[in-house]
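To start, the structure under review is shown below, and the notes come after it.
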Amino acid sequence: MSSPPVIASPPPFPSSLPDGFSIPSDPSAGDPCHFDASKHLALSNPEYIVTLDFQKVPFSPTHASFDPANPHPRLAFTAPFRVLSDEGVAVARQIMDRQAKACPQIMQSDDRTPLCLRGLGYTSPFIRHLNEHTSLTSHLSRLASDPVCAHPMVLNYGQINVGAVGADKPVDAWHFDSVDYVLVVMLSDTREMQGGELQVLMKGKESAIGTLEDTGGMVKEEDLLTVKYPGPGWAIFMQGSSMLHHVTPVLTSPHPRTSLINSYTSRCLTFRDRTSAKVFLDGDPSHVAPGEYARYKAWRARAWLEDVVGGVWGVGEGDFAPKRGGEGRERQPGAGAGARASSDEAKQLALQHMRRAIAELEHGVEVLEGTREDVVGYWDEVAGVWKREIRVGVGEGTAGEGRLGRDVVGSRAVALGGRKSERASNELDV
């Protein structure tokens, strides 16, 4: 007996803020205005999407709905499309400037990114409401053919990356993302910028790392797809957890390359959990990251249990259907006549849901305890090897009784042996 996919409702925002991540009380340091979708969004459709088998397909909203009977997110990445209006871009830039001065604890750097502001989902209501707004999440869900929501780990809500100008290294190294989807919104004016383009390696996840190792990172042009942002406010939405990508060096530009990166996750729990916690547990504040990851896994487990609480009566697929908007499931009166399952099938369906909830929690416990490997890694352009960890530095702010920031630590990077796939390490044992 098959069952429809479990669609989790978006989680509520945390009821309290972690130490060190308060909203600035000084009006000159906080958001310049409230988020208003009618003013700050300018959503458009991309000309095309690129699928996971690297086929360029013209985008049509009529063909982009989520199919519960055949759930399969086909999106690799979109062509550029407009997200923020000119006014929205201006506000985001103001928030970046103000928060960098008022909240130094949210500033980080690592081997991949020379400077980023991380934690704006907590300190900026504008960024929070931008991430969560239904007009944006619905638009992204259509692009992905997958119901998405802002990632429950709030530190991922809105990260601003600042890429330096210079040909010595890429803005971001070859990597897989540690969350399902990212929306990368350009805040810089790229019309006077040479470089700073997204490049995708057209290889499957398991063979992509091997390609870098075989070529020393000198990938052939015919194996690459390159996308340039037309200007500020334009974005690319990608399933970065499933494809290897990087951002080319900014060769010339009157200003650094600045982008706003919002993270999203699928609400369809039929799909494998694609969040890898290692980079967050190592790089984010130690009093925040474990709790955020535990909250994320609890959200996934709760959705499986809510499906049981709602009534797994052993009925056929016709008796249950996604609610309008895809949140939860409801009984359709009179539907599924004659499709009623046996009592054993009903029991097995209930057991399946309960086991999935347990597996989600056990997986989270093992990751937090360090007994399960949960690593994505990145390509070190200097050493010419795939590395499993990065050196992380955090701002100098204080939080509660202890210092929130951490000095840049010594390198913990270890080269991957061979071409081991990271996929299996993050799968649930069900």
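Bear in mind these aren't lab numbers, they're just calculated from the coordinates by the rules spelled out. Quick caveat, the model's predicted, so the values are computed rather than measured. A quick note on method: Cβ atoms are made from the backbone with ideal geometry, for glycine too, and the neighbour counts reach across all protein chains shown.
For the range 127-200, the relative contact order works out to 21 percent when only alpha carbon pairs closer than 8 Å and six or more residues apart are counted. Straight-line cross-link partners of residue 203 among the lysines, defined as a Cα under 29 Å from its Cα and at least 8 positions apart when in the same chain: 56, 169, 220, 228, 278, 387, 420. Indicate the gyration tensor shape class of the range 155-278 (rounded, prolate or oblate), computed on the Cα atoms with a ≥ b ≥ c the square roots of the eigenvalues: a/c under 1.5 is rounded; otherwise a/b larger than b/c is prolate and the rest oblate. Here the range 155-278 falls in the oblate category. Close amide H contacts of residue 151 (hydrogens built in the peptide plane, cut-off under 5 Å, sequence separation of 5 or more or a different chain): 263, 264, 265. Which of the three applies to the range 177-222, rounded, prolate or oblate, going by the alpha-carbon gyration tensor with a ≥ b ≥ c and a/c under 1.5 meaning rounded? Note, shape of the range 177-222 comes out oblate.
Between residue 258 and 163, 187, 188, the built amide H atoms are under 5 Å apart, and every one of these is 5 or more places off in sequence or on another chain. Ranked by the mean number of other Cβ atoms within 10 Å of their residues, highest first, the peptides 30-36, 93-99 come out as 93-99, 30-36.
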